[in-house]
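Coordinate-derived values only; no laboratory data. Bear in mind the structure is a predicted one, so any value in this text is a computation, not a measurement. Cβ placement follows ideal geometry from the backbone for every residue including glycine, while neighbour counts extend to all protein chains displayed.
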Amino acid sequence: MKLVISPKAEKKLKKIPKFDQIAIGQKIRIIGETKDLLQEEKLRGFKDTFRIRVGDYRIVYRRSAESVYIILIGHRKEIYDLLRQLLK
């Protein structure tokens, strides 16, 4: 499955502490490989948009048949406000 990370998600990931970056990177690899092992939750109000929790951080992405597009990565306090601004 093809995995695409948005420039905004990359920028946010670089600002996160290194320890959390490693955990998020491992989870992103799992997203690209399979969806069966994930505890993903569908976001209300957004079509085909899911989130995964990694400690205090969230990975928000869209899944299609052939690819996964990482929309945003961020702290749980700010991620949903940023997502509303970005997608609505």
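Overview of values
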| item | result |
| --- | --- |
| Nearby aspartates and glutamates by direct alpha-carbon distance to Lys2 (threshold 16 angstrom, same-chain neighbours under 8 apart not counted) | Glu33, Glu66 |
| Contact order normalised by residue count of the chain, Cα under 8 Å, 6+ apart, percent | 32 percent |
| Per residue, the convex hull volume that the Cα atoms of the chain enclose (Å³) | 92 Å³ |
| Per-residue ³J(HN,Hα) for the range 53-69, Karplus 6.51 cos²θ - 1.76 cosθ + 1.60, θ = phi - 60°, Hz, x for Gly and Pro | 8, 10, x, 8, 10, 10, 10, 10, 8, 10, 10, 10, 4, 10, 8, 10, 10 |
| Computed lengthening from Phe46 to Arg63, 0.36 nm per intervening residue step minus Cα-Cα distance | 4.9 nm |
| Debye, to nearest 20: dipole size of the chain, +1 on Lys, Arg Cβ, -1 on Asp, Glu Cβ | 300 debye |
| Candidates Ile73, Ile52, Ile30, ranked by Gaussian network fluctuation over the chain, Cα under 10 Å, top entry | Ile30 |
| Hits among aspartates and glutamates - C-alpha to C-alpha of Lys8 under 17 Å, sequence gap 8 or more where chains match | Glu78, Asp81 |
| Shape category assigned to the range 38-88 from the gyration tensor of Cα positions, a/c cut at 1.5 | oblate |
